[in-house]
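Quick notes on the structure that follows.
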Amino acid sequence: MDTVPDGEERLGQLARELAHGIDQAIAPWVERSVQRVLEAWTTQAGRGQAPDPVVLATAAEAGRRARREIVPRVRDVLLTDVDRQRTTPLAILRTAVRYPTEVLRAAGVPPVARDPVARRQFPDDDYDLVPGSFGDLDPALHDLGIAWGAAKAFVFMQRRRRGEST
């Protein structure tokens, strides 16, 4: 007979899967972000040239750095009890925008036009790269991120109904 995991077990399982997915997705996201902005800039500037391989190599290194520095922080939040979480994994992921931004700035790419709300919320996001959801990091993480959020809310509400808090 199959057993259905309780809310806490399911949340832990989803948290581990999401942490793993982010670990696999963040470096490629940095590289794709740099390449996409570089290609748009060179096309708009009428250069029509392929992105500089040195800049792409720098982006790959920035992606590896993002993975080393961001993923442990995301994993810590995901594996922290819901009542002790003081931030969200998405909030931490949004700080990863600095990695592609540093590469693009160093390459001399000018900032893109952004709406006033985006500028106010994410002042250091010169290239409009901040992920709005896990799916922006990698489309494969979209449903997993939603499932994790729902499981977290379920556990939170279950505890409140029982008068529990850790």
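Derivation of every value follows stated rules applied to the coordinates shown; laboratory data play no part. In this text the structure is predicted, and so the values were computed from the model without any measurement. Cβ: placed from backbone, ideal geometry, glycine included. Neighbour counts: every protein chain shown.
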(message) Please list 3J(HN,Hα) in residue order for the stretch 128-139, calculated via the Karplus relation 6.51 cos²θ - 1.76 cosθ + 1.60 where θ = phi - 60°; whole Hz, with x for glycine and proline.
(response) 6, 10, 4, x, x, 8, 4, x, 6, 6, 7, x
(request) Treat each spin label as a single point 7 Å out from the Cα along the C-beta direction, and report the A140 to R105 distance in nm. (result) 3.2
(message) Using only DSSP helix segments of four residues or longer, with each worth -39500 (n - 2.57), what per-residue ellipticity at 222 nm results for the chain after dividing by its residue count and rounding to 500?
(response) -22000 deg cm²/dmol
(message) So I have (i) 18.7, 64; (ii) 15.2, 46; (iii) 15.3, 42, and one of them is Rg and Dmax of the Cα atoms in Å calculated from this model. Which one is it?
(response) (i)
(request) Would you kindly derive the ³J(HN,Hα) couplings of the stretch 12-29 from the backbone phi angles with the Karplus curve 6.51 cos²θ - 1.76 cosθ + 1.60 (θ = phi - 60°), listing them in order in whole Hz, with x for Gly and Pro? (result) x, 4, 5, 5, 5, 5, 5, 4, 5, x, 5, 4, 6, 9, 5, 5, x, 4
(message) Can you give me the long-range amide H partners of D138? Hydrogens built in the peptide plane at 1.01 Å from N, cutoff under 5 Å, separation of 5 or more residues or another chain.
(response) none
(request) Treat every Asp and Glu Cβ in the chain as -1 and every Lys and Arg Cβ as +1, leave all other atoms uncharged, and give the resulting dipole magnitude about the Cα centre to the nearest 20 debye. (result) 440
(request) Let me have the relative contact order for the stretch 1-120, percent, based on Cα pairs under 8 Å that are six or more residues apart. (result) 31
(message) Take D81 and E17, extend 7 Å from each Cα along the Cα→Cβ direction, and tell me the distance between the two endpoints in nm.
(response) 2.5
